[in-house]
Amino acid sequence: MFSRSTAAAIRILGRSQGPKARNFGAAAAFGTAGAAIWGLSAQRERATRCEADPVVVGAAVLGTAVGALGGFFYGKSKADAVQEKYATYWPRKIMMVFGAPGAGKGTQGPKIVDMLDIPQLSTGDMLREAVAAGTEIGKKAKDVMASGALVSDDIVIGIIADRIKADDCKHGFILDGFPRTVAQSKALDAMLATTGEAVSLVMAFDVDPAVLEERVCGRWIDKASGRSYHVKFAAPKSMKVGPDGKPIPDTMKDDITGDKLFQRPDDTAEALKKRLDGYKNQTVPILDHYAPRGIVKNIDGGAPIAAVWAEVKAKLANGTK
């Protein structure tokens with residue numbers, strides 16, 4: 001149907017690198033194909049008629065042009081959207097999210113996962129998966145846990161190294177619960193360096209301790225489903241308040257099942273103080289470790305949820321401060 005030169009041109013355009021080039025090649029090929037088909041039809045027509053109908057000629061040319069342009073711009077808009085997303089958030093996003101108890105990590109983490117389509121990797125989950133899969137490093141972890149000892153940093157790093165090779169991590173991942181010390185941070189850095197990579201973003205949610213106490217000490221949870229309530233921000237419908245202004249425990253029931261809610265033992269003011277001290281002594285030095293690289297982004301976790309998410313989105317982009 002096509003001349004040799006036309007076919008060669010289409011092949012060259014089709015092999016052009018990049019989504020924009022491929023879209024242009026497709027559009028050009030479509031336009032050339034339309035012109036070639038019309039040309040053959042016109043040649044046959046001239047065998048029986050001396051002059052082609054100008055209306056038919058105009059319709060054929062216009063149809064070919066509109067089709068080519070439509071295909072080009074549709075493909076271009078989709079390719080541009082993908083290209084813009086990758087330019088904004090990649091190369092591979094290797095993230096950590098830090099914050100004291102009640103700072104908002106549990107609320108914002110899933111949103112980041114959905115937005116970037118990258119997994120949030122929990123140390124505990126990775127350990128259990130490795131043991132269940134019977135990997136070499138999983139077998140080592142199983143033996144250590146069976147003896148009642150703590151799993152070493154080397155084993156945890158090995159498990160992370162295996163897990164991030166999975167296909168769902170090809171665009172990035174968020175580490176949850178690791179590292180907890182500067183020594184673990186350095187071990188992680190060394191592991192990533194073997195493949196020419198490094199941690200690219202550390203988000204730290206900052207919240208006033210008084211606000212944290214209000215958030216944490218007001219939480220009530222449904223044991224079966226994990227649904228979370230709060231005496232001030234999301235109270236169960238059944239809640240009744242006593243003379244002291246505090247909720248009556250027997251009235252704290254799940255909205256759906258009616259089961260009694262409970263408070264975690266560490267969701268108290270006394271326990272929170274210990275947890276905040278631990279966060280300050282262990283986690284803050286990790287932020288100091290990564291700060292000189294310019295990758296630590298502080299988030300005002302005390303702001304309204306919508307405002308916090310807006311700041312998170314802005315600071316996920318490459319090159320932001």
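The values are calculated or read from the model by the stated rules, or taken from the named source; none is laboratory data. Source: prediction; values computed, not measured. With ideal geometry, Cβ positions are generated from the backbone for all residues, glycine too; neighbour counts draw on all protein chains shown. Ligands, DNA and RNA are excluded from the accessible area calculation, which covers all protein heavy atoms including side chains. Shrake-Rupley method; radii C 1.70, N 1.55, O 1.52, S 1.80 Å.
List of remarks:
- Given (1) without any contact (Cβ under 8 Å) to a residue 60 or more places away in the chain; (2) closer than 17 Å to THR107 by Cβ, index of the condition THR257 fails: (2)
- Hits in segment 124-145 - residues which are farther than 20 Å from MET96 by Cβ and open to solvent by less than 20 Å² (accessible area, probe 1.4 Å): ALA130, GLY138, ALA141
- Every condition in (1) aliphatic (A, V, I, L, M); (2) loosely packed, with under 12 Cβ neighbours inside 10 Å; (3) under 16 Å from VAL207 (Cα atoms) holds for VAL312 except the one numbered (2).
- When segment 191-223 is limited to residues that are assigned to a loop (DSSP other than H, G, I, E, B) and among the aliphatic types (A, V, I, L, M), the one that is nearest to VAL97 (Cα to Cα) turns out to be VAL199.
- Checked against the criterion of being closer than 26 Å to LEU192 by Cα, over 14 Å from the mean Cα position of the chain (by Cα) and at pLDDT 90 or above, the candidates VAL97, VAL144, VAL113 yield just one match: VAL144.
- In segment 146-168, residue nearest to LYS186 (Cα to Cα) [restricted to those that are of a type in the set (A, V, I, L, M, F, W, C) and surrounded by 15 or more Cβ atoms within 10 Å (Cβ to Cβ)]: ILE157
- Pairs meeting the criteria (first residue in segment 269-290 and open to solvent by less than 50 Å² (accessible area, probe 1.4 Å) and among the small types (Gly, Ala, Ser), second residue assigned to a helix (DSSP H, G or I) and at pLDDT below 95, beta carbons under 7 Å, at least 6 apart or on different chains) are ALA269/GLU213; ALA269/CYS217.
- Within segment 224-258, considering residues that are more than 28 Å from the chain's Cα centre (by Cα), part of a loop (DSSP other than H, G, I, E, B) and among the charged types (D, E, K, R), the one surrounded by the most Cβ atoms within 10 Å (Cβ to Cβ): ASP254
- LEU212 meets the stated requirement of being in contact (Cβ under 8 Å) with a residue 12 or more places away in the chain, of a type in the set (A, V, I, L, M), open to solvent by less than 40 Å² (accessible area, probe 1.4 Å) and touching a Gly at 6+ places or on another chain (Cβ under 7 Å).
- Residue under evaluation ILE299, criteria (1) loosely packed, with under 14 Cβ neighbours inside 10 Å; (2) closer than 27 Å to LYS111 by Cβ, criterion not met: (1)
- In the condition set (1) closer than 21 Å to ASN298 by Cα; (2) at pLDDT 90 or above, TYR89 is compliant with all but (2).
- Subset of segment 172-189 (residues that are open to solvent by 50 Å² or more (accessible area, probe 1.4 Å) and either touching a strand residue (DSSP E or B) at 6+ places or on another chain (Cβ under 9 Å) or outside any loop (DSSP other than H, G, I, E, B) (or both)): ASP176, ALA183, LYS186
- Any hit, segment 269-290, residues being in contact with a helix residue (DSSP H, G or I) (Cβ under 9 Å, 6 or more places away or on another chain), part of a strand (DSSP E or B), at pLDDT 95 or above and closer than 21 Å to GLY102 by Cα: no
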